[in-house]
Amino acid sequence: MKKILGLVVSLMAVLVLSACAGTGGGKKTYTYRDMVVGFIQTGSEGGWRAANTASFKETAGELGLKLKFYDAQNKLENQVAAFRNFIADKEVNVIVLAALETTGWDDVLKEAKAAGKTVVLEDRRIDAAEDLYATYIGSDFAEEGRKGGTEMCELLKDSTGKNVVELVGNVGSSAAKDRGQGFRETMGACGITITQTQTANWSATEGKAVMEAFLKQSTDIQGVFAQNDEMGLGAILAIQEAGLKPGVDIKVLTFDATAGAFKAMLEGTLNVSVECNPLLAPQVYEAALKALNGETLPKWVPSQEGVFRASDPNLADVFATRKY
Ligand code: AHR
């Protein structure tokens, strides 16, 4: 009888110990299979955004995590409502946000924290207390802007006129604010003046319309600083329709380095595209997993990015290796 009792006690001990091992002694160890991510995308405004969305969908499949994707159609109110829906969704343990605007997030972030959700910011920075989110993974937009200013100086080095027009992304976004500020920091080194500036909301159609309006005001323009490829490609069409040669009569500089920009550089209508990396999902999911498991993360993990020029002799070879 004593022997049987002893055996039962040992068996129970083994069962309890093995149950504890799976949960780290009471604390659950998360894997990608336990992650349910609510991802609030800005919209689908162009090639960069399409590559960013694809990165999240494809990587979720590869890692075996569940992704609930929401396209906010570039409306801030849609993003805020989706944020609250993901907070209320019991299945979701991670919320990833690509914020349309830098401000207006304090309330939902506090609600997410109270509900125990892990929040990771991707692509776009916001103005909020750092303890309200786990980390921000995205570009150094100000540095991109500084690179842009330096490149425009180089493009205009032999030009007596240095009048540059600016096509701005959506004005409240970190990408637009910081690229604009960074460009202004370096453009002064060679005497560039920004003669006209207006938003074209990251869109090729609007970029074309705004550039047409700029050219109606004055053709004394030597450079276009377009805050993304789409707006720059639209501006190129407007320049051509005005009977001028983009890339030659008016230098064009953009951001993102998407396939469309590479094609334009190879045709000679676009001079420079400063890279902005959209393939952020592997880093974002990895960071979210670490945060779920209680790791403290750096508040910003900046992406490594380059600059591509129409004058690069090996541009076609580089293009062949690009994923977006
Ligand atoms: O935040 C990145 C920017 O957003 C890209 O430069 C632009 O194309 C996109 O819409």
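Among 309-316, 79-86, 205-212, how do they line up by average Cβ neighbours within 10 Å per residue, starting with the highest? Could the numbers behind the result be given before it?
Values: 309-316: 13.1, 79-86: 19.6, 205-212: 21.4.
Ranking, from highest mean packing down: 205-212, 79-86, 309-316.
With a 1.4 Å probe and every protein chain kept in, tell me what percent of the accessible surface of the stretch 88-166 is carbon plus sulfur.
Its accessible area is 47 percent carbon and sulfur atoms.
Can you grab the distance from the C-alpha centre of the stretch 237-308 to the C-alpha centre of the stretch 179-193, Å, no decimals?
Going from one Cα centre to the other spans 19 Å.
When the helix-only estimate is applied to the chain (DSSP H runs of n ≥ 4, each -39,500 (n - 2.57), divided by the residue count), what is the mean residue ellipticity at 222 nm, nearest 500 deg cm²/dmol?
Details: 11 runs with 143 residues, N = 324.
Value at 222 nm, helices only, nearest 500: -14000 deg cm²/dmol.
Tell me which residues come under 5 Å, amide H to amide H, from Trp300 once H is placed; ignore anything under 5 positions away on its chain.
Tyr136
Please tell me which of these pairs span more than 26 angstrom C-alpha to C-alpha: Lys75/Lys263; Lys68/Lys147; Lys147/Lys263; Lys147/Lys251? The partial results should precede the final answer.
Details: Lys75/Lys263 31 Å; Lys68/Lys147 36 Å; Lys147/Lys263 21 Å; Lys147/Lys251 15 Å.
Beyond 26 Å: Lys75/Lys263; Lys68/Lys147.
Along the Cα→Cβ direction, 7 angstrom out, place labels at Glu77 and Lys216. What is the inter-label distance in nm?
Between Glu77 and Lys216, the label points sit 3.1 nm apart.
Normalised by the residues of the chain, what does the relative contact order come to in percent, with Cα pairs under 8 Å and at least six apart? Spell out each step's value before the answer.
Numbers: 636 pairs, mean separation 55.1, N = 324.
Once divided by the residue count of the chain, the mean separation gives 17 percent.
With θ taken as phi - 60° and the coefficients 6.51, -1.76 and 1.60, list the Karplus ³J(HN,Hα) couplings across the stretch 70-84 in order, rounded to whole Hz; mark glycine and proline as x.
Karplus-based 3J(HN,Hα) across the stretch 70-84 equals 10, 9, 7, 6, 6, 10, 4, 4, 5, 5, 5, 5, 5, 4, 5 Hz.
Just to confirm, what accessible area per residue do you get for the stretch 143-262 at 1.4 Å probe, in whole Å²? Please report the intermediate quantities before stating the final value.
Details: 4480 Å² over 120 residues.
Value for the stretch 143-262: 37 Å² per residue.
Tell me, what % of the accessible area of the stretch 214-312 is carbon and sulfur with a 1.4 angstrom probe? Each step should come with its number before you reach the end.
Numbers: 1910 of 3840 Å².
Accessible surface attributable to carbon and sulfur in the stretch 214-312 totals 50 percent.
How far is helix 281-292 tilted, in degrees, relative to the longest principal axis of the Cα atoms in the chain, given as a value from 0 to 90 rounded to the nearest 10?
40 degrees
Once the dipole of the chain is set up with Lys and Arg at +1 and Asp and Glu at -1 on Cβ about the Cα centre, which of Met211, Val96, Thr296 lies farthest towards its positive end?
Most positive-ward Cα: Thr296.
Tell me which residues come under 5 Å, amide H to amide H, from Ile250 once H is placed; ignore anything under 5 positions away on its chain.
So Ile250 has HN proximity to Lys245.
For Thr197, list long-range residues whose amide hydrogen, built 1.01 Å from N in the peptide plane, is under 5 Å from its own amide hydrogen.
Glu166
Using the Karplus curve 6.51 cos²θ - 1.76 cosθ + 1.60 with θ = phi - 60°, what ³J(HN,Hα) values do you get for each residue of the stretch 180-188, in whole Hz, with x for Gly and Pro?
x, 5, x, 4, 5, 5, 9, 5, x
Please state the charge dipole magnitude for the stretch 144-201, taken about the Cα centre, from unit charges on C-beta atoms (+1 on K and R, -1 on D and E), reported in debye and rounded to the nearest 20. Mind dumping the intermediate values first?
Details: 7 positive and 7 negative charges, 20 e Å.
Here the stretch 144-201 has a charge dipole of around 100 debye.
With +1 on the Cβ of every Lys and Arg and -1 on the Cβ of every Asp and Glu, and nothing else charged, how large is the dipole of the chain about its Cα centre, in debye rounded to the nearest 20? Provide the component values of the computation, followed by the final result.
Values: 34 positive and 41 negative charges, 281 e Å.
So the dipole magnitude of the chain works out to roughly 1360 debye.
May I ask you to list the residues of the stretch 287-319 whose amide nitrogen lies under 19 Å from a point 7 Å from Cα along the Cα→beta-carbon direction of Asp131?
Within reach of a label on Asp131: 291-292, 294-300.
How do 47-57, 103-113 rank on mean C-beta neighbours within 10 Å, highest first?
Details: 47-57: 19.7, 103-113: 16.9.
In descending order of packing, they fall as 47-57, 103-113.
Using 0.36 nm per residue of separation minus the Cα-Cα distance, give me the extension gain between Cys190 and Lys90 in nm, one decimal.
Details: separation 100, 0.36 × 100 = 36.00 nm, distance 5.56 nm.
Answer, rounded to one decimal: 30.4 nm.
Quick one: dipole size for the stretch 85-207, taken about the Cα centre, charges +1 on Lys/Arg Cβ and -1 on Asp/Glu Cβ, in debye to the nearest 20. List each step's numbers first, then the result.
Working: 13 positive and 21 negative charges, 41 e Å.
With only Lys, Arg, Asp and Glu charged at Cβ, the dipole is about 200 debye.
The values are calculated or read from the model by the stated rules, or taken from the named source; none is laboratory data. Just so you know, these numbers come straight off a predicted model, no measurement behind them. Please note: Cβ atoms are built from the backbone with ideal geometry, for glycine as well, and neighbour counts cover all protein chains shown. Just so you know, the surface numbers come from the protein's heavy atoms only, side chains and all, with ligands and any DNA or RNA stripped out. Shrake-Rupley method; radii C 1.70, N 1.55, O 1.52, S 1.80 Å.
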